[in-house]
Amino acid sequence: MVLRHSLDENPDGSMFLFPSVHGGRLSADAGQYLVAKYVAMAREKCPSLAKKRVTPHVLRHTAAMELLQAGVDRALIAIWLGHESLETTQVYLDANLTQKEEILAKTRPVQGKLKRYQPGDRLLNFLTNL
């Protein structure tokens, strides 16, 4: 609703939410500049942002992950991101597994040593022959 209202208020009738000064699509450089500018402003009020890397790509990835966690179908996320195939979108979604591994690496078992699971030959053969 808010986005529709913002688009309706564009004086030049452009369908771009963030148009360039000429009313067209923002260039990648302009998008990066604007993100960096507003992140710098936000860091003044939220110092913890100083330790975070915020880029247009990070914002795009975060939005895709939030959509996935909200139950949005992967195919719709691919369309929203403008990807030609679901495989391209999978790159974003696989990062969730990486994040889980990083979190698990910070934990320790109650008893015993920290050990990474190593599947046996039987399981690997089964998976290879699928």
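Table for the structure above
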item	result
Subset of the range 61-70 [assigned to a helix (DSSP H, G or I) and exposed (fewer than 15 other Cβ atoms within 10 Å of the Cβ)]	T62, A63, E66, Q69
Residue, modelled with the lowest pLDDT, within the range 1-41, restricted to residues that are of a type in the set (D, E) and not in a loop (DSSP other than H, G, I, E, B)	D8
Residue in the range 106-122 that is modelled with pLDDT under 90, closer than 27 Å to F18 by Cα, outside any helix (DSSP H, G or I) and of a type outside the set (A, V, I, L, M, F, W, C) present	no
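The values are calculated or read from the model by the stated rules, or taken from the named source; none is laboratory data. A quick note: this is a predicted structure, and the numbers were derived from the prediction, not measured. No Cβ is skipped: glycine too gets one built from the backbone with ideal geometry, and neighbour counts run over all protein chains shown.
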